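Remarks on the structure that follows.
The values are calculated or read from the model by the stated rules, or taken from the named source; none is laboratory data. All of these numbers come straight from a predicted model, not from anything done at the bench. Note: ideal-geometry Cβ built from the backbone for every residue, glycine included; neighbour counts use all protein chains shown. Only protein heavy atoms, including side chains, enter the accessible area calculation; ligands, DNA and RNA are left aside. Shrake-Rupley method; radii C 1.70, N 1.55, O 1.52, S 1.80 Å.
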Amino acid sequence: MGHKSFVVSFLFILCLEILRFNFLEAQMVPAMFVFGDSLVDVGNNNHLSVSIAKADFPFNGIDFPTKKPTGRFSNGKNAADFIAEKVGLPSSPPYLSLISKKNDLASSSLTGVSFASGGAGILNGTDQALRQAIPLTKQVADYAMVREALVQKIGSSAARALVSKSLFVVVIGSNDLFDYNGKSDLQGKYTPEQYLNQMASILKDRLKRLHANGARKFFSAGVGPIGCTPSQRVKNETQVCNEELNSWVVNYNQVLKSMLEQLKQELQDINYSYFDTYTVLNNIVQNPTNYGFSEVKAACCGRGDLRAKIPCVPVAKYCPNRRDHLFWDLYHPTEAAANILVDTIFDGPSDYSFPMNLRQLVSV
């Protein structure tokens with residue numbers, strides 16, 4: 001090889017190494033595993049045959065890069081997508097898509113998997129009105145299958161190292177509270193305090209199971225002001241928030257925060273970030289123009305009062321400017337709102353994140 005050819009080859013290899021180094025720098029964690037409900041579902045429910053909690057039809061996905069419905073309950077990307085972007089990863093694929101395609105589960109899981117399911121709750125049974133969802137218990141069991149596949153593929157020590165440095169995102173609880181609000185039998189069986197404590201206790205057990213399967217970094221989102229969603233506002237003539245439901249949310253978030261502190265005392269090798277979703281979203285509701293929104297009551301997609309009498313189905317109408325709406329449909333934020341939330345989750349002040357924000361969590 002001549003001197004000139006050697007130099008060209010050397011420079012080419014050097015460029016590849018620089019690109020590889022930059023990619024590794026951008027990738028803050030090796031993988032991201034997502035658990036939760038429709039706020040972070042990226043298409044698992046598309047694979048549930050009898051579920052009516054699906055977003056596989058227009059006008060969902062109208063602002064997604066493909067301009068097509070993906071199973072996300074959004075006009076575009078959701079919070080899980082934006083968190084993945086922040087940590088330098090592709091969006092975690094839906095677990096059921098990997099199973100249905102009979103992919104090499106381990107190879108497809110090396111940068112993470114999403115187990116989140118629209119309609120899912122911490123407690124089993126939140127999906128009864130929607131016929132089918134994957135409750136948190138099953139999501140955690142499915143993760144154990146993925147971890148076992150990783151062990152078989154790359155060996156136990158490599159799998160342990162990958163999982164221990166990965167990010168575990170948990171966004172769940174809204175459906176349990178909607179359930180309690182809407183079912184007199186639950187209210188007859190449990191006081192609000194008993195119900196909220198039960199939610200936190202079961203969630204703690206599920207987090208412990210994830211820890212037993214290698215998880216060490218947890219991001220846990222508190223429940224937002226779901227009493228202010230279009231689904232609740234449309235139920236009264238004045239279109240105000242359901243303050244009773246919101247009060248249960250506030251109380252649950254306090255219980256959740258305390259539970260996470262206790263979990264850290266019991267499992268000292270974990271680190272976590274709790275995000276106060278309620279306060280951030282409530283700030284937007286109270287001062288929308290500060291965040292670029294002009295409509296915080298009505299859904300963008302739907303029909304009737306507040307576009308909330310008929311949900312976001314193909315016969316619905318949608319707003320021309322999704323950027324100025326807080327809510328996409330009866331329950332879910334727009335892509336714009338999810339983006340603002342994740343910016344705050346990642347780099348926000350200690351007012352909203354405890355004991356650290358997400359950037360700090362992935363750096364430990």
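Select from the range 74-105 the residues that are part of a helix (DSSP H, G or I) and among the basic types (Lys, Arg) and list them in ascending order. Result: Lys86, single match. For the structure I just gave you, tell me whether Val146 is under 26 Å from Asn197 (Cβ atoms) and either at pLDDT 95 or above or in contact with a Phe, Trp or Tyr (Cβ under 8 Å, 6 or more places away or on another chain) (or both). Considered against the rule, which asks whether it is under 26 Å from Asn197 (Cβ atoms) and either at pLDDT 95 or above or in contact with a Phe, Trp or Tyr (Cβ under 8 Å, 6 or more places away or on another chain) (or both), Val146 comes out as no. Considering only residues that are polar (S, T, N, Q) and touching a residue at least 12 places away in the same chain (Cβ under 8 Å), look in the range 219-246 and name the one that is most open to solvent (accessible area, probe 1.4 Å). This residue is Gln239. Would you please name the residue that is nearest to Ala308 (Cα to Cα), looking only at residues in the range 323-354 that are surrounded by 20 or more Cβ atoms within 10 Å (Cβ to Cβ) and of a type in the set (Asp, Glu)? By that ranking, first place goes to Asp329. State yes or no: is Asn357 without any contact (Cβ under 8 Å) to a residue 40 or more places away in the chain, open to solvent by less than 50 Å² (accessible area, probe 1.4 Å), in contact with a helix residue (DSSP H, G or I) (Cβ under 9 Å, 6 or more places away or on another chain) and not acidic (Asp, Glu)? So Asn357 fails the test. Within the range 154-188, being at pLDDT 95 or above and basic (Lys, Arg) holds for Arg160, Lys165. For the range 284-293, the set of residues classified as open to solvent by 10 Å² or more (accessible area, probe 1.4 Å), under 19 Å from Gly227 (Cα atoms) and free of Cβ contacts under 8 Å to residues at least 60 places away in the same chain consists of Gln286, Asn287, Pro288, listed by residue number. The residues of the range 52-111 that are under 29 Å from Ala316 (Cβ atoms), open to solvent by 60 Å² or more (accessible area, probe 1.4 Å) and touching a helix residue (DSSP H, G or I) at 6+ places or on another chain (Cβ under 9 Å), listed by number, are Ile52, Asp56, Glu85, Ser100. So for the range 125-135 (the condition being free of Cβ contacts under 8 Å to residues at least 40 places away in the same chain, among the aliphatic types (A, V, I, L, M) and open to solvent by 50 Å² or more (accessible area, probe 1.4 Å)), does at least one residue qualify? Taking every residue of the range 125-135 in turn, at least one turns out to be free of Cβ contacts under 8 Å to residues at least 40 places away in the same chain, among the aliphatic types (A, V, I, L, M) and open to solvent by 50 Å² or more (accessible area, probe 1.4 Å).
Among the residues of the range 1-51, which ones are surrounded by 21 or more Cβ atoms within 10 Å (Cβ to Cβ) and either at pLDDT below 50 or assigned to a helix (DSSP H, G or I) (or both)? Scanning the range 1-51 gives Asn44, Asn45. Taken over the range 221-236, the criterion of being out of contact with any Lys or Arg (no Cβ under 9 Å at 6 or more places or on another chain) and modelled with pLDDT of 95 or more is satisfied by Ala221, Val223, Gly224, Pro225, Ile226, Thr229, Ser231, Gln232, Lys235.
Only one of the numbered conditions (1) under 24 Å from Asn175 (Cβ atoms); (2) open to solvent by less than 10 Å² (accessible area, probe 1.4 Å); (3) touching a strand residue (DSSP E or B) at 6+ places or on another chain (Cβ under 6 Å); (4) of a type outside the set (Phe, Trp, Tyr) is not met by Leu306, and that is (2). Is at least one residue of the range 315-322 under 30 Å from Glu261 (Cα atoms), surrounded by fewer than 24 Cβ atoms within 10 Å (Cβ to Cβ), among the hydroxyl-bearing types (Ser, Thr, Tyr) and modelled with pLDDT of 95 or more? Within the range 315-322, none of the residues are under 30 Å from Glu261 (Cα atoms), surrounded by fewer than 24 Cβ atoms within 10 Å (Cβ to Cβ), among the hydroxyl-bearing types (Ser, Thr, Tyr) and modelled with pLDDT of 95 or more.
Picking from residues in the range 151-198 that are more than 27 Å from the chain's Cα centre (by Cα) and in contact (Cβ under 8 Å) with a residue 40 or more places away in the chain, the one that is nearest to Gln27 (Cα to Cα) is Ile154.
Results for (1) aromatic (Phe, Trp, Tyr); (2) under 29 Å from Leu361 (Cβ atoms); (3) surrounded by 16 or more Cβ atoms within 10 Å (Cβ to Cβ), shown as yes or no for each residue.
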residue: Ala158; (1), (2), (3): no, yes, no
residue: Val163; (1), (2), (3): no, yes, yes
residue: Ser166; (1), (2), (3): no, yes, yes
residue: Ser174; (1), (2), (3): no, yes, yes
residue: Thr191; (1), (2), (3): no, no, no
residue: Gln194; (1), (2), (3): no, no, no
residue: Leu210; (1), (2), (3): no, yes, yes
residue: Ala215; (1), (2), (3): no, yes, yes
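Among the candidates Leu110, Leu96, single out the residue that is more than 21 Å from Met28 (Cβ to Cβ) and not hydroxyl-bearing (Ser, Thr, Tyr).
When all the criteria are applied, what remains is Leu96.
When residues in the range 312-336 are screened for being without any contact (Cβ under 8 Å) to a residue 40 or more places away in the chain and more than 21 Å from the chain's Cα centre (by Cα), 6 of them pass.
Do we have any residue at all in the range 269-282 that's farther than 20 Å from Asn78 by Cβ, without any contact (Cβ under 8 Å) to a residue 24 or more places away in the chain and surrounded by fewer than 22 Cβ atoms within 10 Å (Cβ to Cβ)? Scanning the range 269-282 turns up no residue that is farther than 20 Å from Asn78 by Cβ, without any contact (Cβ under 8 Å) to a residue 24 or more places away in the chain and surrounded by fewer than 22 Cβ atoms within 10 Å (Cβ to Cβ).
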